[in-house]
Amino acid sequence: MKTSSMRISKAAAAAAVAVLALTACGGGSDSDDTGAAAVNDDATFEAGTTMETLQKAGKITIGTKFDQPGFGLKGLSDAPEGFDVEIAKIIAAGLGIDDDGITWVETPSAVRETKIEDGEVSLVAATYTINDERKKRITFAGPYYEAGQQIMVRSDDSAITGPDSFKENSALKVCSVAGSTPADNIGEYLASKSQLVTFDVYSKCADALRTKQVDAVTTDNVILLGLVGDSDGAFKVVGDTFTKEPYGIGIKKGDVAFCNYIVDTLKKASEDGSYEKAWTETAGKVEGAQTPTLPTADACA
């Protein structure tokens, strides 16, 4: 990260390995210097598919997070920036849709499925862990990256060394986001349910850690690395990763054709260098993050 006081285990650095980047299917205009995706103006799709509908409209609404450095952070430009954002742009570019045709909608963890089901967004790219419970409501394309859960504490804290520390000391408080996989996963490491504090976004957890309302924050390692990098030395990551978190693109349940399109687009992006570019221009700038390899995609269903 940005400070020499931050300590990250080799496992953490390796896990930080992966946050991706992609490019659209061939054709179209050249990509500019600010993103990975080349817009495919020549793309054609089967009639009646989601792809054809979006291409004809020339616009798409995409859900992402606005509070996660490196993945989806809304800054002074009033538009989100990060790895998830670039991945979504690659998917849109393959449909012939440029950045101006994208409307971004904030989708915190607790509302991702609802935004998809209600048709408020065409897809969600928001550090979205694939799991069986979520598959009951939506379809996932991917994974496009695999993270692992870890613990972040204040830089001067030596008492917390990993998730087991919470069971050993019931006075410790740990923060995560309501409705997230990390909030569920940490439960088995707590002496009491009261130790878990939840907010709607991770930036509030970081604020609570800074003001000593909580003793730690837990979520996926790459998200924590971004928060540490933006903390001016206030935070550090401790211990090894203790879960595997495959990130996928969330879409309407049962839209197999759209799922296959996304999988194919990301595969092409990993082959033509746009995947790597998306990574190096966003999450890859964080110290300790290494360029990932696109994971093998699950079958679309």
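General observations
- Net charge dipole size for the range 148-238 [Lys, Arg +1 and Asp, Glu -1 on Cβ; Debye, nearest 20]: 180 debye
- Listed by chain and number, the lysines whose alpha-carbon sits under 16 Å from that of Lys193, ignoring those within fewer than 8 places in the same chain, are Lys167, Lys173.
- Estimated distance in nm for a label pair at Leu76 and Thr296, the labels positioned 7 Å out from Cα along Cα-to-Cβ: 4.6 nm
- Compared with the alpha-carbon gap, the fully stretched path from Lys193 to Asp156 is longer by 10.8 nm at 0.36 nm per residue.
- Restricting the range 101-165 to trypsin sites (Lys or Arg not before Pro) that sit in a DSSP loop and have at most 10 other Cβ atoms within 10 Å of their own Cβ leaves Lys136.
- Options [x] 64, 40, 38; [y] 60, 38, 33; [z] 53, 42, 35 - which one matches Cα extents along the principal axes in Å as calculated here: [y]
- Dipole of the chain, positive direction: furthest Cα of Gly70, Cys205, Val228, with charges on the beta-carbon: Cys205
- When only the Cβ of Lys, Arg, Asp and Glu is charged (+1, +1, -1, -1), the dipole of the chain relative to its Cα centre reaches about 960 debye.
- Helix-only mean residue ellipticity at 222 nm for the chain, each DSSP H run of n ≥ 4 adding -39500 (n - 2.57), per residue, nearest 500: -7500 deg cm²/dmol
- Per-residue extension of 0.36 nm, minus the Cα-Cα distance of Val256 and Asp42, leaves a gain of 74.8 nm for this segment.
- The simple spin-label model puts a point 7 Å past each Cα toward its Cβ; for Val105 and Lys167 those points are separated by 4.0 nm.
- Taking a straight Cα-Cα cut-off under 18 Å and skipping sequence neighbours fewer than 8 places away in the same chain, the lysines within cross-link reach of Lys115 are Lys59, Lys65, Lys135, Lys136, Lys252, Lys253.
- Förster radius 41 Å - calculated FRET efficiency between Asp232 and Asp184, Cβ distance, rounded to 0.05: 0.85
- Signed unit charges on C-beta, dipole axis of the range 36-113, positive-most listed residue Ile97, Val111, Thr53: Val111
- Cβ-defined net charge surrounding Asp220, 14 Å radius [Lys, Arg +1; Asp, Glu -1]: -4
Bear in mind these aren't lab numbers, they're just calculated from the coordinates by the rules spelled out. Computed from a predicted structure; not experimentally measured. Don't worry about glycine lacking a Cβ; one is built from the backbone with ideal geometry, like all the others, and counts go over all protein chains shown.
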